[in-house]
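Visitor: My questions will all concern the structure given below.
The values are calculated or read from the model by the stated rules, or taken from the named source; none is laboratory data. In this text, all values refer to a predicted model and were calculated from it rather than measured experimentally. Counting neighbours? That spans all protein chains shown, and the Cβs are built from the backbone with ideal geometry, glycine included. Side chains included, ligands, DNA and RNA excluded: accessible areas come from the protein's heavy atoms. Shrake-Rupley method; radii C 1.70, N 1.55, O 1.52, S 1.80 Å.
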Amino acid sequence: MDSPSTGSPISPISPAPAGNPDLRPAARGVARLLDSVRDERLSDPTPCPEYAVRELLAHLTDLSAAFRDAARKDLGPTTGTDPGAAVPVLRDDWRTVLPRRLGELAEAWRQPAAWQGDTQAGGVPLPAAVAGRVALNELLIHGWDLARATGQPYAPEEASLTVSYGLLAPAAESAADDGESGGLFGPPVPVPQSAPLLDRVIGLSGRRPDWRPGD
């Protein structure tokens, strides 16, 4: 199986803890994109209006550490900081650090204990079983952001997409029932139910599935 070209490898596929998703395919999906991110593209826009490519990579670096530590119940600055409190700053050594952290994140959530009890991420207390699914969703959505921003193909596994859809759809439906417009990431973008599952997940995250640089 493929693994990041630098840093700690993400282990080959084997069964995840019973009933819980495996984060390794999503982590691999992000890691595969990194070698093709050229330095001259770091200032390019992304589907996240507040982030250029460099800030998106910094956010991925930070969230990988935060959700790794959330899985380990190693609560502290990485898990207690609101990611929206400041614009993330990309480390000079991100090409080494980000692949390693992706591997550590995926491995941490392979442990059955990671899914038990409560934990914290982004300063928010969460059931660990929810935090693991949020971590998977973050990888999947921001992987799509990075792929679109840098013009690369992106095809997450259906199992990962199903988990993200199951996380995002109820939040969007609940907001609509309450007369609100927000979902977990922001107001959903309407996407036909006949659209591919990836497009529907991206729409639920508040992004346009047809987004391209320059939009």
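Visitor: Before we move on, is Val53 open to solvent by 10 Å² or more (accessible area, probe 1.4 Å), among the aliphatic types (A, V, I, L, M) and closer than 17 Å to Asp145 by Cα?
Guide: It is false that Val53 is open to solvent by 10 Å² or more (accessible area, probe 1.4 Å), among the aliphatic types (A, V, I, L, M) and closer than 17 Å to Asp145 by Cα.
Visitor: Return the residues of segment 38-48 that are under 23 Å from Pro209 (Cα atoms) and not in a loop (DSSP other than H, G, I, E, B); say none if nothing qualifies.
Guide: Scanning segment 38-48 gives Arg41, Pro45.
Visitor: Given (1) open to solvent by 30 Å² or more (accessible area, probe 1.4 Å); (2) closer than 30 Å to Gly117 by Cβ, identify the lone condition not met by Asp69.
Guide: (1)
Visitor: Moving to a separate point now. Scan (1) at pLDDT 95 or above; (2) open to solvent by less than 70 Å² (accessible area, probe 1.4 Å) for the single condition Asp210 breaks and write down its number.
Guide: (2)
Visitor: Quick test for you: out of Pro170, Pro187, pick the one residue that is open to solvent by 60 Å² or more (accessible area, probe 1.4 Å), at pLDDT below 90 and closer than 22 Å to Ala135 by Cβ. Working first, answer last.
Guide: Working: Pro187 fails: closer than 22 Å to Ala135 by Cβ.
After applying the criteria, what remains is Pro170.
Visitor: Name the one entry in Thr150, Thr162 that is at pLDDT 95 or above, farther than 26 Å from Ala58 by Cα and surrounded by fewer than 22 Cβ atoms within 10 Å (Cβ to Cβ).
Guide: Answer to the check: Thr162.
Visitor: Within segment 68-96, take every residue that is in contact with a strand residue (DSSP E or B) (Cβ under 6 Å, 6 or more places away or on another chain) and not in a loop (DSSP other than H, G, I, E, B) and give me the one that is farthest from Ala128 (Cα to Cα). Break it down stepwise before answering.
Guide: Quick first cut of segment 68-96, residues in contact with a strand residue (DSSP E or B) (Cβ under 6 Å, 6 or more places away or on another chain) only: 70, 73, 75, 79.
Now drop any that are not not in a loop (DSSP other than H, G, I, E, B), which leaves 70, 79.
On the way: Ala70: 8, Thr79: 12 Å.
Per the stated criteria, the residue is Thr79.
Visitor: Which of the residues spanning segment 49-83 are of a type in the set (Lys, Arg) and closer than 26 Å to Arg212 by Cβ?
Guide: Arg54 - this is the single residue of segment 49-83 that is of a type in the set (Lys, Arg) and closer than 26 Å to Arg212 by Cβ.
Visitor: Check whether at least one residue in segment 99-108 is over 16 Å from Gly29 (Cα atoms) and either surrounded by fewer than 20 Cβ atoms within 10 Å (Cβ to Cβ) or not β-branched (Val, Ile, Thr) (or both), and report yes or no.
Guide: Going residue by residue through segment 99-108, those that are over 16 Å from Gly29 (Cα atoms) are 108.
Restricting the remaining residues to those that are either surrounded by fewer than 20 Cβ atoms within 10 Å (Cβ to Cβ) or not β-branched (Val, Ile, Thr) (or both) gives 108.
Yes.
Visitor: Would you confirm whether or not segment 87-98 contains a residue that is touching a Ser or Thr at 6+ places or on another chain (Cβ under 6 Å) and either at pLDDT below 95 or closer than 27 Å to Glu158 by Cα (or both)?
Guide: yes
Visitor: Would you confirm whether any residue within segment 90-98 is surrounded by fewer than 21 Cβ atoms within 10 Å (Cβ to Cβ), among the hydroxyl-bearing types (Ser, Thr, Tyr) and in contact (Cβ under 8 Å) with a residue 24 or more places away in the chain?
Guide: First pass over segment 90-98, keeping only residues surrounded by fewer than 21 Cβ atoms within 10 Å (Cβ to Cβ): 90-97.
Imposing the further condition that a residue be among the hydroxyl-bearing types (Ser, Thr, Tyr) reduces the set to 96.
Still in the list and also in contact (Cβ under 8 Å) with a residue 24 or more places away in the chain: 96.
Checked segment 90-98: at least one residue is surrounded by fewer than 21 Cβ atoms within 10 Å (Cβ to Cβ), among the hydroxyl-bearing types (Ser, Thr, Tyr) and in contact (Cβ under 8 Å) with a residue 24 or more places away in the chain.
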